[in-house]
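Everything below concerns the one structure shown next.
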Amino acid sequence: MRHDGRRPDQGRAVTIEPGVAPYAEGSCLIATGETRVLCTASVVAGVPPWRERSGAGWVTAEYAMLPRATHTRTGREREGPRGRTQEIQRLIGRSLRSVTDMRSLGQHTVTVDCDVLQADGGTRTASITGAYVALALAAEWMLREGLVQRVPMQERVAAVSVGIVDGVTFLDLDYREDSAAQVDLNLVATESGGLVEVQGTAEGDPFPRTALDELVDLGMAGIDVLLAAQARALSGGGAGTPRG
């Protein structure tokens, strides 16, 4: 058993509450354990200049952590996003674009903002999982408003962390586990089983290919649970159930 009583293959409890930001075209509040992220999707007419002749739309993302999302205050990034922030928001954007039909989106840009209210590990994976719900709700709004002919979302996408702590493979690491992990891996995948991104790092000794396969298999099982939580949120269920 882990320090919080979970089994190694058990994720943290997840809830996804849709429609929490009434002014946004799509929004949700996702909570995975003690990590909480507000995701909002904003739709504007037009696309970046380099995209204008493509006939397709664009989806991008921004990520930020509020100053007291962690145990000590973190200063706001007033001079622009730092390297870690840039990496995470690019990852969120890539994940969303992988399941969006850009031509069906038309000449519109959707920006998904992921603001971490409270951080206890897995903020980037929770952001991706919640960002999809916000984007899907914005796409449904666009259809109702007559801005698109059909919803441009092709399938759902979600993300989860896995790792090896003290020689044991864990699903959905919290901050305490992540800080002690010998291997840390973030997995992004679609409901059809396609891999969007695999970010894996050994913090000390290299790890074998067999361990990578085990981590990916465990992560895919965790993503199935997240995809189900997304489906419930989008169907009006709102809250998810404990993962695993």
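A short reminder: the numbers here are calculations on the coordinates, not readings from a lab. Keep in mind it's a predicted model, so treat the numbers as computed, not measured. All Cβ positions, glycine included, derive from the backbone under ideal geometry; neighbour counts span all protein chains shown.
Results, tabulated for the structure shown:
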| quantity | calculated |
| --- | --- |
| Dipole magnitude (debye, nearest 20) for segment 99-244, charges at Cβ of Lys, Arg, Asp, Glu | 700 debye |
| Helix-only CD estimate at 222 nm, as mean residue ellipticity for the chain, using -39500 (n - 2.57) per DSSP H run (n ≥ 4) | -9500 deg cm²/dmol |
| Stretch gain in nm, segment residue 176-residue 143, where the contour uses 0.36 nm per residue and the Cα spacing is subtracted | 7.6 nm |
| Stokes-Einstein D in µm²/s, Kirkwood radius over Cα pairs - segment 35-86 at 10 °C with 1.306 mPa s viscosity | 113 µm²/s |
| Segment 1-29-segment 114-190 distance, computed between alpha-carbon centres (Å) | 10 Å |
| Rel. contact order, % - alpha carbon contacts under 8 angstrom, at least six apart, the chain | 24 percent |
| Contour excess over end-to-end distance, with Cα ends at residue 71 and residue 166 and 0.36 nm allotted per residue | 31.7 nm |
| DSSP H segments from the chain that extend 27 Å or more along their own axis, Cα-based, with Kyte-Doolittle mean of -1.0 or above | 123-144, 209-234 |
| Convex hull of Cα atoms in segment 1-111, direction-averaged projection (nm²) | 9.6 nm² |
| Under the Karplus curve 6.51 cos²θ - 1.76 cosθ + 1.60, θ = phi - 60°, whole-Hz ³J(HN,Hα) for segment 104-120, x wherever Gly or Pro sits | 5, 5, x, 7, 10, 10, 10, 10, 9, 9, 10, 10, 7, 7, 8, 10, 9 |
| Fewest-first sequence of 123, 85, 201 by Cβ atoms within 10 Å of each Cβ | 201, 85, 123 |
| Proxy reagent accessibility, fewest Cβ within 10 Å first, across 58, 50 | 50, 58 |
